[in-house]
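To start, the structure under review is shown below, and the notes come after it.
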Amino acid sequence: MKRVAIACSAVAIAIVCAAPQQAAAGDGGGFAAGLIGGLAAGTLFGIAASSPPPVYYAEPATVYVPTCYWTRGRPMWDGYRGIWVRPRIQVCD
């Protein structure tokens with residue numbers, strides 16, 4: 001957007017400056033028009049040069065974090081040791 005504004009205002013100034021005008025003694029309207037046009041062009045250049053670039057903030061992605069805990073599982077027969085054991089298992093929601 002900044003480049004477009006600068007390019008448009010530069011083209012407008014070039015067209016105004018290139019237009020032929022006749023010199024006339026005592027015509028005070030040309031000075032006022034030039035002054036107002038210069039102030040307007042300066043304002044456009046100032047706005048285009050001073051405006052910061054737009055900043056886009058993206059929301060962070062939703063992350064699912066499961067809650068896990070350790071507990072004892074169902075009793076199982078351990079044939080090697082000949083006993084019932086309850087192994088530790090991790091349960092995640």
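Any read-out appearing in this document is the output of simple, stated calculations on the displayed coordinates, not a laboratory observation. Not measured: the values here are computed from a predicted model. Every residue, glycine as well, gets a Cβ built from its backbone with ideal geometry; the counts of neighbours run over all protein chains shown.
Across the stretch 70-80, rounded Karplus estimates of 3J(HN,Hα) from the backbone phi angles (6.51 cos²θ - 1.76 cosθ + 1.60, θ = phi - 60°) give 9, 8, 8, x, 5, x, 10, 7, 9, x, 5 Hz, Gly and Pro being marked x. Net charge of the neighbourhood of G73, taken over other residues with C-beta under 11 Å away and scored Lys/Arg +1, Asp/Glu -1, is +4.
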